[in-house]
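What follows is a set of notes on a single structure, which appears directly below.
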Amino acid sequence: MRALLTALFIGLAVQPVGHAASAPLHGIAMHGDPALPPGYKHFPYVNPDVKKGGSITYGVVGTFDNLNPFILKSMRTTARGMWDPEFGNLVYESLMQRSRDEAFSMYGLLAESVEWDEARSFIQFNLAPKARWADGIPVTPDDVIFSFELLRDKGRSPFSRRLDVVSKMEQIGEHGIRFTFNDKADRESPLLLALSPVLPRHATDVEGFDRTSLKFPLGSGPYRVKEVKPGEKIVYERNFDYWGRDIPSKVGFDNYDRITVEYFLQENSLFEAFKKGDVDIFQEGNPTKWARGYGFPAVTSGEIVKDVFKPQVPSGMLGFVFNTRRPMFSDVRVRHGLSLVFDFEWVNRNLFENAYKRTESFWQNSELSSLGVPADDKERQLLGPALSRIEPAILDGTYRWPKTDASGRDRKVLKQAVILLKEAGYSIKDGVMSDASGRPLAFEIMTQNADQEKLALAYQRFLAALGIRASVRTVDDSQYQSRVQTFDYDVIIRAYASSLSPGIEQAVRWRSDFRERDGSEAFAGADDPDVDRLVDAILTARSAEDFRSAVRAHDRLLLSNHYVLPLYHLGQQWVARHRRIARPETVPLYGYQLPVWWDAKAQ
């Protein structure tokens, strides 16, 4: 308490006119304080003494025809590494750097410190005076203002919407930029601004910004583009004059002199290149292949190392998504009944060697999950009128998906499905599940690759046992993306990533005002005022306790609405690497982080 009072006293001494108390901070967190104190030396999951040098080659499946990651055109074909949560932001940088060992904390990068008030009515970023573009010109507040305005006018979502919550953007002194928020903002808004990219005004083609381009860009990041072969390869080389190599949030990062990203048409081709040593890392997602497909000489000799990581994050949700814009899926009893038909035990045993666990919550394996936890008074109050629609077992935390006999036709479970479908007006007539008017219950499952198709065909067989006609259609990537962006499907398979700090992505996925917004992630087309209300409760929660209760209540309502037929999760990350690529022993909260690995043979 004494420390808190001292901090408030100091804040009052520097309070800007028109705002509550603030003082320069080295870091900020969504809830509470950042874990690392002022004066910290580096993130806890890096090797601060790593010898930089050498090279790495990543491999990806796909193609590219563009070096601008911030525009809608060629959104899925921008070269990897430009602005990349997996390989690192090699060319462009944000105002602050996220620690992957905390739920949602940000530390100084281009901005060496920040200021805000308790209400988060504004945030001020104070740029590091030594921050430089790759050509040596200083990064200025004018560059920051220019970037936000350009991305608003010509960028893609979410960058184009970042200023929606800002009433005023202004330069403060020589190095400060202050954003004052309007009534559309929530408590996550300041952190989203901190994650936004900054572009150089003097080296940006404003007129042609929204067109695809292979012109080598200028950034403030640790690498420059050295070579481009469109659709085949992009090569980055270290900027040895990089301004930020010694700041705490970058110590132990960016350890290679050369980074290459090779593109492949198929995953099999990528895997063969990895086996030969043309690619240094392979991220595996197939449990059968992980168990049986690594018996080649490079593995048995120890040249290739297989790593298993266990991140301490929620499971997320992978599942069949019912498009509730379609009349046949408007009834929750139909969605629930169709979900019960899927025989997870059969799939896990016959397709995946029992490698998976059934997913039963959007935030499973974390304290944000409602699984196994009865709703407390705070949750019940938040649920309000929705309380009567929550399934009793979900409300008291005892809910589990029924386990089948793994036959693919477990009569006990199928009977539960038939009862629900009958309540919704369906019955089996002449071997076909039909409604009272004789219309059969039939729909299409759209898939995008062989793995999804395999799952969908299994589900098709399960549904056929009840006279439900499901067709399976696998389409190419461009058609899939076009149809998904316009919600032109009955059922698809999607993964909803979950973090320890859910925020605005919950609005984009579940709020009713995104239901008809093409290109959004409202895949299920939810249209429920109670869901809207609970998303708002997540975004406005001030304390960690209120936040946890809001997420759990939201989890319960999503589960009870059966928008998604939950599938499975691993709880592990699998990565194979050639031995010369080394990594730190410490694994952060969110799992392995490629930008802190290094070349052990660097000279």
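None of the figures in this text is laboratory data; all of them are computed from the coordinates on show. None of the values given here were measured: they were computed from a predicted structure. Note that we place each Cβ from the backbone using ideal geometry, even for glycine, and neighbour counts take in every protein chain shown.
Quick notes
- Listed residues 179, 64, 28: farthest to the positive end of the dipole of the chain (Cβ charges): 64
- Tilt relative to the chain, helix 544-561 - C-alpha long axis, 0 to 90 degrees, to 10: 30
- In the range 527-572, trypsin sites (Lys or Arg not before Pro) in a DSSP loop with at most 14 other beta-carbon atoms within 10 Å: 542
- Given charges at beta-carbon only (K, R positive; D, E negative), |dipole| of the chain in Debye: 1300
- Residues in the range 459-472 carry Karplus couplings, in order, of 4, 4, 5, 4, 5, 4, 4, 10, x, 9, 9, 10, 9, 10 Hz; the curve used is 6.51 cos²θ - 1.76 cosθ + 1.60 with θ = phi - 60°, and Gly or Pro positions show x.
- Residues of the range 19-60 with amide N under 11 Å of the 7 Å Cα→Cβ point at residue 172: 19-25
- Extension gain from residue 436 to residue 388, taking 0.36 nm per residue of separation minus the Cα-Cα distance: 14.5 nm
- A DSSP coil position with no more than 10 other Cβ atoms inside 10 Å describes the following GluC sites (Glu not before Pro) in the range 112-220: 174, 207.
- Counting only DSSP H runs of at least 4 residues, each contributing -39500 (n - 2.57), and dividing by the residue count of the chain, the helix-based mean residue ellipticity at 222 nm comes to -7500 deg cm²/dmol.
- Derived scalar couplings between HN and Hα for the range 80-86 equal 5, x, 5, 8, 9, x, 9 Hz in order, rounded to whole Hz, by the Karplus curve 6.51 cos²θ - 1.76 cosθ + 1.60 (θ = phi - 60°), x for Gly and Pro.
- Amide H within-cut-off set for residue 447, under 5 Å, with H built and near neighbours excluded: 473, 474, 475
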